[in-house]
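Student: My questions will all concern the structure given below.
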Amino acid sequence: MPRILLVEDNELNRDMLSRRLRRHGFEVRVAADGWQSLELVSAWRPDLVLMDMNLPGISGCEATRRLKRDPTTRSIPVIALTAHAFPEDEALARAAGCDGFDTKPIELPRLLRRIRDLLPPAGPPPDGPAPA
Ligand code: MN
């Protein structure tokens, strides 16, 4: 089951989106601020991070910058979530290293498409035979 870390400080949004993602077959953990997101990425190694940009503590941009600076976490795709739909918001998120971008209010089918586009394909088991 693909593992998603949802970083969102708004409790209502966090609960609702995590429930909907679980219903679509994802294993979901949540973080409520930027620091917590860094701890959970290191400890849990999600397959993908949904990162609210506007967070208490360190911002989603800063948390993403740190994840992308760390060679052990930089390959984990990050999708930025923001309430703003201005091109400069997306540019800031991309500059921080975000791999994808989506706007709130969340349209689930659209978000699911973006998630699936960025998830690594389900490959053979890690201890399977080496390719010839
Ligand atoms: Mn927020």
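Student: Pick from the stretch 1-25 the residues that are closer than 19 Å to Leu67 by Cβ and among the hydrophobic types (A, V, I, L, M, F, W, C): which of them is nearest to the ligand (Cβ to nearest atom)?
Tutor: Ranking the qualifying residues of the stretch 1-25, first place goes to Val7.
Student: Residues that are surrounded by fewer than 13 Cβ atoms within 10 Å (Cβ to Cβ) and either among the small types (Gly, Ala, Ser) or under 20 Å from Arg3 (Cα atoms) (or both): does the stretch 45-63 have at least one?
Tutor: Taking every residue of the stretch 45-63 in turn, at least one turns out to be surrounded by fewer than 13 Cβ atoms within 10 Å (Cβ to Cβ) and either among the small types (Gly, Ala, Ser) or under 20 Å from Arg3 (Cα atoms) (or both).
Student: If you don't mind, there's one more thing I want to ask. Spot the failing condition for Cys61; the list is (1) in contact with a Leu (Cβ under 7 Å, 6 or more places away or on another chain); (2) more than 15 Å from the ligand (Cβ to nearest atom), and only one is missed.
Tutor: Against the list (1) in contact with a Leu (Cβ under 7 Å, 6 or more places away or on another chain); (2) more than 15 Å from the ligand (Cβ to nearest atom), Cys61 comes up short only on (2).
Student: I need every pair where a residue in the stretch 31-57 that is touching a residue at least 12 places away in the same chain (Cβ under 8 Å) has its Cβ under 7 Å from the Cβ of a residue that is among the aromatic types (Phe, Trp, Tyr), sequence separation at least 6 or different chains.
Tutor: Here the result reads Gly57/Trp35, each pair linking the stretch 31-57 to a residue that is among the aromatic types (Phe, Trp, Tyr).
Student: What single numbered condition from (1) surrounded by fewer than 20 Cβ atoms within 10 Å (Cβ to Cβ); (2) on the phi < 0 side of the Ramachandran plot fails to hold for Leu38?
Tutor: (1)
Student: Then there's this: When you scan the stretch 1-114 for helices (runs of 4 or more DSSP H) that lie fully inside it, which ones turn up with 3 or more residues that are modelled with pLDDT under 95?
Tutor: 87-96
Student: For Arg3, state whether it is touching a residue at least 40 places away in the same chain (Cβ under 8 Å) and at positive phi.
Tutor: When the stated conditions are applied, Arg3 does not pass them.
The values are calculated or read from the model by the stated rules, or taken from the named source; none is laboratory data. Everything numeric in this text was worked out from a predicted model, so none of it was measured. When we count neighbours, we look across all protein chains shown, and the Cβ atoms used for this are built from the backbone with ideal geometry, even at glycine.
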